[in-house]
Amino acid sequence: IINLLMLGFFKYADFAIATVNSLFGSEIPLLHLPLPIGISFYTFQTMSYTIDVYRGTAHAQKNFINFGAFVSLFPQLVAGPIVRYTDIEKELNQRKHTLEMFSEGALRFALGLGKKVILANGIAQVCKEFASLEQKTVLMHWMCIFAYMLQVYLDFSAYSDMAIGIGKILGFKFPENFNYPFISKSISEFWRRWHMTLGGWFRDYIYFPLGGSKVKKPRWVFNLAVVWMVTGLWHGAEWNFVLWGVYFGVLIAIEGINVETNPMNEPAVITQQ
């Protein structure tokens, strides 16, 4: 509750105030709070720790320095992947540093940096030039759509690559976050391959406790709707993000209703590979 209250206050207070003002015509001033760096990520990480200790799947960390290192581990704090306590519990207590891990980490970091600086930033320039044009053709719009799609993927996955690389250099093995999402054959498969650590978090701490797909179809649709609305809100404090979540929830529900088993291979959210 404390974690969610802090996240809600800093990230969603102005969203709630703006919604109330819009609905009731009130003029409650916005707070314009600065968002603490990485709050969405370390909130989910500390919540997973608390829940795992409660469930008995993780041992309580008695060393405050080790726990603080887990919460504030800088390589993945801002852009993921979402690292759970159970992922790095052993490394927090005792890590092995090897030349092989260092070289693998350095290579992964270099690839991520190149992906970000050369590819993602280069494609972003295309979108910027498109926005500055006064006259735009249909072809230009489609080119910008694909360019922006690639920019988002390359930018996000590049940060994950760099985080995983730095983690290896420091002796940590972070989970993978992307698995070639654009080779997917369905919406469900796409979300199994995109931001996998976020999907795994929603699966284990929201979707499964609600009953997952081992329930009647109406309840399964409800579980799916809850998860995807929360997913939309997690990405941003605006109604367009909520609609974005509902949009994908509807598509995945349609896929699931037309097959005997859940198309997302239990759960009906992004599953971790």
Exercise. When the Cα atoms of segment 73-147 are enclosed in a convex hull and the volume is divided per residue, what value in Å³ results?
Worked result: 120
For this session: Give the ranking of T19, T57, T86 by solvent-accessible surface, highest area first, calculated with a 1.4 Å probe.
Result: T57, T86, T19
Exercise. Of K116/K214; K96/K185; K11/K185; K90/K214; K128/K173; K11/K128, which ones are farther than 30 Å apart at the Cα?
Worked result: K116/K214; K96/K185; K11/K185; K90/K214; K128/K173
Seminar exercise, completed: Averaged over all viewing directions, the convex hull of the alpha carbons in the chain casts a projected area in nm² of 18.3
Exercise. Is segment 110-220 best put as rounded, prolate or oblate by its Cα gyration tensor, with a ≥ b ≥ c the root eigenvalues, rounded for a/c under 1.5, and otherwise prolate when a/b is larger than b/c, oblate when not?
Worked result: oblate
Exercise. Can you list the trypsin sites (Lys or Arg not before Pro) in segment 91-145 that are in a DSSP coil and have 10 or fewer other beta carbons within 10 angstrom?
Worked result: K96
Seminar exercise, completed: Of L30, L4, L243, ordered by accessible area with the largest first and a 1.4 Å probe, the sequence is L243, L4, L30
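Between N3 and F64, what length comes free when the chain is fully extended (0.36 nm per residue of separation minus the Cα-Cα distance, one decimal in nm)?
Contour length minus the Cα-Cα distance gives 20.2 nm.
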Seminar exercise, completed: Kirkwood calc, segment 1-144, C-alpha pairs only, radius in angstrom 19.6
Exercise. So how much accessible area does E189 have, in Å² to the nearest 10, using a 1.4 Å probe?
Worked result: 40
Exercise. Cα extents of segment 218-258 along the three principal axes, largest first, in whole Å?
Worked result: 32, 15, 11
Exercise. Dipole magnitude of segment 8-95 about its Cα centre, charges +1 at Lys/Arg Cβ and -1 at Asp/Glu Cβ only, in debye to the nearest 20?
Worked result: 300
Exercise. Could you give the accessible area per residue of segment 38-78, probe 1.4 Å, as a whole number in Å²?
Worked result: 53
Exercise. Once phi is turned into ³J(HN,Hα) by the Karplus curve 6.51 cos²θ - 1.76 cosθ + 1.60 with θ = phi - 60°, what whole-Hz value does each residue of segment 197-202 show in order, with x for glycine and proline?
Worked result: 6, 5, x, x, 5, 4
For this session: Subtracting the Cα-Cα distance from 0.36 nm times the residue separation, let me have the gained length for E104 to K185 in nm, one decimal.
Result: 26.1 nm
Exercise. Given charges of +1 on the Cβ of Lys and Arg and -1 on the Cβ of Asp and Glu, with all other atoms neutral, how large is the dipole of the chain about its Cα centre, in debye to the nearest 20?
Worked result: 540
Exercise. Cα centroids of segment 181-255 and segment 95-120: how far apart, whole angstrom?
Worked result: 31
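The values are calculated or read from the model by the stated rules, or taken from the named source; none is laboratory data. Fair warning: this is a prediction, and the values are worked out from it, not measured in the lab. No Cβ is skipped: glycine too gets one built from the backbone with ideal geometry, and neighbour counts run over all protein chains shown. In case anyone asks, the SASA skips ligands and DNA or RNA and just uses the protein heavy atoms, side chains included. Shrake-Rupley method; radii C 1.70, N 1.55, O 1.52, S 1.80 Å.
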